[in-house]
Every structure is written in structure tokens, then in C-alpha cells.
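Undergrad: This is the structure I want to talk about, given as C-alpha cells.
All of the numbers you see were taken from the coordinates with simple rules; none came from a lab. A quick note: this is a predicted structure, and the numbers were derived from the prediction, not measured. Note: ideal-geometry Cβ built from the backbone for every residue, glycine included; neighbour counts use all protein chains shown.
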Amino acid sequence: MPLANTSSSYGTIAKSFHWITALLVLALWPLGWFANSWPYDTQEAFDTKWLLFSLHKTLGVALFFVALARIGWTLSQPHPHHLGENRVESLAASTIHWLLYGSIIALPITGWIEHAASEGYAPILWPFGQDLPFIPKDVPLAVAFAHMHVALTWVILGAVGFHIAGALKHTVIDRDGTLARMWFSRKAPPTPPEGKSHGALPALLATAVLAVALVFPFVTGEEQSQAPVAAAEVSTEAPTAAETPAEGPIWAVQSGTIGLSIIQMGSAVSGSFPDFTATIAYDPEAPGPQKGTADVTIDIATLTLGSVAAQAQGPDYFDSAQHPTATYSGPIVEGEDGSLTVDGTLTIKGHAASVPLPFTLTIEGDTATASGSTTLDRRTFHVGDNKTDEGSLAFPVEISIEITATR
């Protein structure tokens, strides 16, 4: 069997590319479907879901590189003419071929960009990293490419269906040897009739179908399923006398973030609690080391944490259904070197522990800006008790604050 194509037959390399591509496509669809629909309510279920997604992504990247090599080889080879003489069938077959070529490039690319833009993901199983150049970690971007990926999935499934139907017609009805010449056989293939080229029309038709699939989710508004995270929602109301934690100036928080960073599967995943209320009393001239107090209530249900935010709300983690808020309160203490620390107690899911939070403070007129960070052990608060292996979820969690308040 010759390696290269001729005007009447496909060579061994083209046949190999065809069947490798077919196997990858037929494996990727059920993997993706099962990964999306698989539950993650237990540790075992989560591990299975993670593995399914990782296998799907790894095979998707493999399909992308196989597709590049296949298209490069195809462009360097003569393309055997269709065995049938029907011009409409010939045009349809050429269009489907172009549609398949476009899909096996566009489908992995959209999935890969979605993966690179996401935080908290099942990794691609290879040693070359998970990011892509010029692709930021951005939830709306990931959602947009997820919708395009789904739309292109239906395109390639439709194209594969028509491709298989055409092959069966040629085999069962026409019996012209079309399918046989794509198989590995020493039999001489039938000689195709001379036919006129359709020019660029099949490629243009396929491009139009792909373009419609890419813009369809945005025309129908599906990209609104996840909106960009809004600015922090904080209480700007002054506390009542009963809420006032200490004598001294009361500071109303105008804006800010409470952020957290975890290590999942060896990769950093950052998020925040955009909705919280804070009552702060602070007087730098107060006698003694205690300069005030801070009381914070955090709305756990507003947590953003990449693609694992929904999982983090579950009973094995923050359990926001049973424990919708977390609290942090304690005195603001000035050290001998002038450093400031909130010597606070953090309560999550009913579990309380001391978590000192050192911070820096800048006051200009009646506006104060504070920033600080600390690290805690998630096991102290029984968050992720089912994750006993740091390879899947590390024990340390970094907490950071950025707050602007007015006197």
C-alpha cells in the first residue's frame, strides 16, 4: 500500500489520520457528556468527575495536534475524486469534509481556551502547563468559550452523522467502493470518473456553518448565564449604639474585598467573598495597645472561586445551606513596633479559632485604606474534611483583605 495519495486512492498516512481522528472524536463526546453529568456529592464521585474531565481535555488537545498534522498532510496531497457522478452529492460531501476539518480544529481550541481562562479545573494530563499565551483567568471569557465549545460539539456530531450516512449509502446502495478505499486493503481501488471541481464553494459553506455556530450562543443571549462578578457589596450604614464595638471613631466601609487563595491539584485558584458587612472602631490615639475593634460578617453564598465555586458551597466544604455566614471579630492591637493586627476569632460552620490578621493602614483625612493577609489551615474549620490528600486540595488557605473606609 502506498504511503501517499494518488488521484484515485488514499495512501496509508491519510487513512491512518482518518481513523485516528474518528476514534478521538467518538471517544471525546461520551467522555465530555459523562464528565458534565457526573455528580460530585461524594469524594469518590468527585474523583471520577475530575478524571473524566482530565481525560476529555487531554484527548481534546491530542485531537488538535492530530488535526493540524492531518490538514497539513491533506494540503500536500492530491485528493481522489468522488466515485459518484451526482454533482449535488459531490458538493455536499466536499462541504461536510471541510466542516469536519474546521470542527476538529475549532472544537479543541474553544475547549482549550475555556480551560486556560478557568480557575479551579481538572488538569490536562501532560507536563507542559495549563495556561495559554494571552489568555487571562477570566470567568466571563471561560463561559463564552464554553458556549462556543458546546455549539461546535453539535456541529461536529451532525457532520459525523452525515459523513457516516453518506458512507453507508455508497456501501449499501451504490456499492461503488467508496468506503473500501479508505480501509487498509491491497485491493486496487475503483477508478473515479473525471469530475469538475467545486472550487472554493464547499469551504465557504463550511465556514458559514462554523461562523453561525460560534455566534449563535451570543445571539440567543446564552452568554449571560454567568455575569462578571460585581464589585464588593459592603454595608455603608453606620452601626447603632448596640453594635458599636468600642469607643472611638466609627469607620464605615465603602469598598473592599475579602479574598482567598487555595491550591487545587497543584494549581493556585483565587476567589473572593464579594458580599460582607463590617463594623470597625479605630482610634490611633487610644491609650494602651488596643486601638479599636473589628466585627465582620461574611455571606458565604456569594463566594467566587473559579469553576469550583459551586462545589465549595457543598456540605463537605463551606456548607452554605446550613451555615450561610461566617464571622470574624476581635480587638485591633498595636505592637511595640507600631504594627497593627486584628487579634480576631474566625467562625466557620460553627467552628471557631483564633486567626490573627496583621495589616497595614493608611489614613488620609477621613479616609482609611487597609490591606493585610494571613494563612490558616482549612482543617481547623472542617472545610474539605474528605480531602485528606494535599495533592488534590492543600491544607493552607491564604486570606487577604483590601478595605477602604470613611470616618
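Undergrad: At a Förster distance of 25 Å, what's the computed FRET efficiency of ILE164 paired with THR48, Cβ-Cβ distance as r, to 0.05?
TA: That pair, ILE164 with THR48, gives E of 0.25.
Undergrad: Over the range 251-407, with a single point scatterer placed on each C-alpha, what log10 of the ratio I(q)/I(0) does the Debye formula yield at q = 0.15, 0.17, 0.18, 0.19 1/Å?
TA: These q points yield log10 I(q)/I(0) values of -0.80, -0.99, -1.09, -1.19.
Undergrad: Quick one: angle between helix 12-37 and the longest Cα principal axis of the chain, in degrees between 0 and 90, rounded to 10, please.
TA: That helix lies at roughly 40 degrees to the long axis.
Undergrad: Oh, and also: By counting other Cβ atoms within 10 Å of each Cβ, how are ARG378, ARG175, ARG186 ranked from fewest to most?
TA: Final ranking by Cβ density, sparse to dense: ARG186, ARG175, ARG378.
Undergrad: OK, next. Distances longer than 31 Å among the Cα atoms of the chain: what percent of all pairs is that?
TA: 54 percent
Undergrad: Can you give the relative contact order of the chain as a percent, counting alpha carbon pairs under 8 Å and 6+ residues apart?
TA: 13 percent
Undergrad: Let me ask something else about it. Full extension from LEU201 to PHE216: what is 0.36 nm times the residue separation minus their Cα-Cα distance, to one decimal in nm?
TA: Separation in residues times 0.36 nm, less the Cα-Cα distance, equals 3.2 nm.
Undergrad: While we're on this one: Taking only the Cα atoms of the range 64-169, how large is their convex hull per residue, in Å³?
TA: Once divided by residue count, the hull of the range 64-169 is 131 Å³.
Undergrad: Same structure again: Run the reach check for LYS137 against lysines, Cα to Cα strictly under 30 Å, same-chain hits fewer than 8 apart removed. What comes back?
TA: List returned: LYS49, LYS57, LYS349, LYS387.
Undergrad: Give the long-range amide H neighbours of GLN254: residues separated by 5 or more places, or on another chain, with amide H under 5 Å away, using H modelled in the peptide plane at 1.01 Å from N.
TA: Hits under the 5 Å cutoff: THR404, ALA405, THR406.
Undergrad: Also: Per residue of the range 124-131, what does 6.51 cos²θ - 1.76 cosθ + 1.60 with θ = phi - 60° give for ³J(HN,Hα)? Whole Hz please, x for Gly and Pro, Karplus curve as stated.
TA: Once θ is set to phi - 60°, the couplings for the range 124-131 become 6, 7, 7, x, 9, x, 10, 8 Hz.
Undergrad: Any idea how far apart LEU157 and ALA352 come out in nm if each label point goes 7 Å out from Cα toward Cβ?
TA: 5.3 nm
Undergrad: Run lengths n ≥ 4 of DSSP H only: what is the helix-derived mean residue ellipticity at 222 nm for the chain, with -39500 (n - 2.57) per run over all residues, to the nearest 500?
TA: Value at 222 nm, helices only: -12500 deg cm²/dmol.
Undergrad: To continue, here is another question. Taking the beta-carbon count within 10 Å as an exposure proxy, list HIS79, HIS97 from fewest neighbours to most.
TA: HIS79, HIS97
Undergrad: Estimate the FRET efficiency between ASP283 and ASP337 by the formula 1/(1 + (r/R0)^6), using the beta-carbon distance for r and 25 Å for R0, to the nearest 0.05.
TA: Result of the calculation: an efficiency of 0.85.
Undergrad: Further question: Between GLN322 and THR257, take the C-beta separation as r, use R0 = 22 Å, and let me know the FRET efficiency to the nearest 0.05.
TA: 0.30
Undergrad: Which net charge results for the neighbourhood of ALA35, defined as the other residues with beta-carbon distances under 12 angstrom from its beta-carbon, given Lys and Arg at +1 and Asp and Glu at -1?
TA: +2
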